[in-house]
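Where a number appears in this text, it was derived from the coordinates with a stated rule and is not lab data. Note that the coordinates shown come from a computational prediction; the quantities given were computed from them, not determined experimentally. Here the Cβ is made from the backbone with ideal geometry for all residues, glycine too, and neighbour counts use every protein chain on show.
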Amino acid sequence: GDSVTQMEGPVTLSEEAFLTINCTYTATGYPSLFWYVQYPGEGLQLLLKATKADDKGSNKGFEATYRKETTSFHLEKGSVQVSDSAVYFCALSVTGGFKTIFGAGTRLFVKA
Amino acid sequence: DAMVIQNPRYQVTQFGKPVTLSCSQTLNHNVMYWYQQKSSQAPKLLFHYYDKDFNNEADTPDNFQSRRPNTSFCFLDIRSPGLGDAAMYLCATTTWGGLADRDTQYFGPGTRLTVL
């Protein structure tokens with residue numbers, strides 16, 4: 001079945017460090033790929049998405065590229081801030097399906 | 001702003017005492033979801049509505065029920081909460097059938113349920 005695997009956390013970085021959170025997927029169809037972010041005590045928010053191979057999603061300095069050949073959608077940011085501390089979920093949705101498959105989440109701590 | 005609203009944000013109930021959580025949306029989306037989330041783990045889908053069609057996940061306990069009286073509102077009823085039902089409950093919506101923004105889920109802030 002469809003699945004998402006993302007790197008385990010927590011990830012602890014100093015402010016202005018480079019961030020990578022790895023995400024790989026397995027899907028039978030042609031999925032859309034997402035990164036959602038969850039700040040403490042809140043619901044999930046869409047951070048970025050990509051709907052087809054080689055698309056790059058970007059938002060708030062975060063980027064991820066849909067790599068069909070490696071079935072990956074790694075999240076990157078060049079310079080993290082304390083305010084980026086949150087849990088990040090990689091997810092996929094098969095086109096036309098009702099369900100979103102979430103990864104286990106990666107908690108990010110950014111120290112000042 | 002169009003949004004997904006959940007009430008209450010915090011709910012305390014007693015073991016075995018029925019509780020209802022509510023969700024409303026101003027996005028006019030035709031699909032609404034209820035998820036259970038424990039300790040920042042991945043959200044676990046309980047069920048979803050596509051318009052009035054109810055779809056229950058196979059592993060959702062019978063203790064959990066849902067109602068969607070109209071497009072805007074959806075309720076989660078827990079008939080006899082156990083200690084293991086303490087969690088964050090997230091409502092989400094999406095639109096299906098259109099082209100723009102399809103498959104993106106819009107989440108409410110969640111209701112944190114405590115069972116004493």
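At q = 0.11 Å⁻¹, what log₁₀ I(q)/I(0) does a Debye calculation on the Cα points of chain B give, no solvent, two decimals? Summing over Cα pairs of chain B leads to -0.33. About its Cα centre, segment B:25-78 has a charge dipole of approximately 160 debye under the convention of +1 per Lys or Arg Cβ and -1 per Asp or Glu Cβ, with nothing else charged. Per-residue shielding of B:39-50, expressed as the average number of other chain Cβ atoms within 10 Å of the residue Cβ, stands at 4. At q = 0.15, 0.23 Å⁻¹, what log₁₀ I(q)/I(0) does segment B:1-57 have when each alpha carbon counts as one equal point scatterer in the Debye sum? For the requested q values the scattering log ratios are -0.58, -1.19.
Stokes-Einstein diffusion for the protein assembly as shown, with the hydrodynamic radius set to the Kirkwood value over Cα pairs and evaluated at 4 °C in a medium of 1.567 mPa s, equals 71 µm²/s.
What shape does segment A:39-108 take by its C-alpha gyration tensor, where a ≥ b ≥ c are the square roots of the eigenvalues and a/c under 1.5 counts as rounded, a/b above b/c as prolate, and the rest as oblate? Taking the square roots of the gyration eigenvalues as a ≥ b ≥ c, segment A:39-108 is oblate. Note on A:41-49: average number of Cβ atoms from other chains within 10 Å of each residue's Cβ is 6. The lysines whose alpha-carbon is closer than 29 Å to the alpha-carbon of residue A:49, local same-chain residues fewer than 8 away aside, are A:60, A:68, A:77, A:99, A:111, B:38, B:44, B:52. Its relative contact order, with pairs defined as Cα atoms under 8 Å and 6+ residues apart, puts segment A:2-99 at 35 percent.
Cβ-to-Cβ counts within 10 Å put A:100, A:70 in ascending order as A:70, A:100, the fewest first. Rounded to the nearest 20 debye, the dipole magnitude of chain B is 340 debye, with +1 charges on Lys and Arg beta carbons, -1 on Asp and Glu beta carbons, and the Cα centre as origin. Charge dipole (Cα centre; +1 on Lys/Arg Cβ, -1 on Asp/Glu Cβ; no other charges) of the protein assembly as shown amounts to roughly 360 debye.
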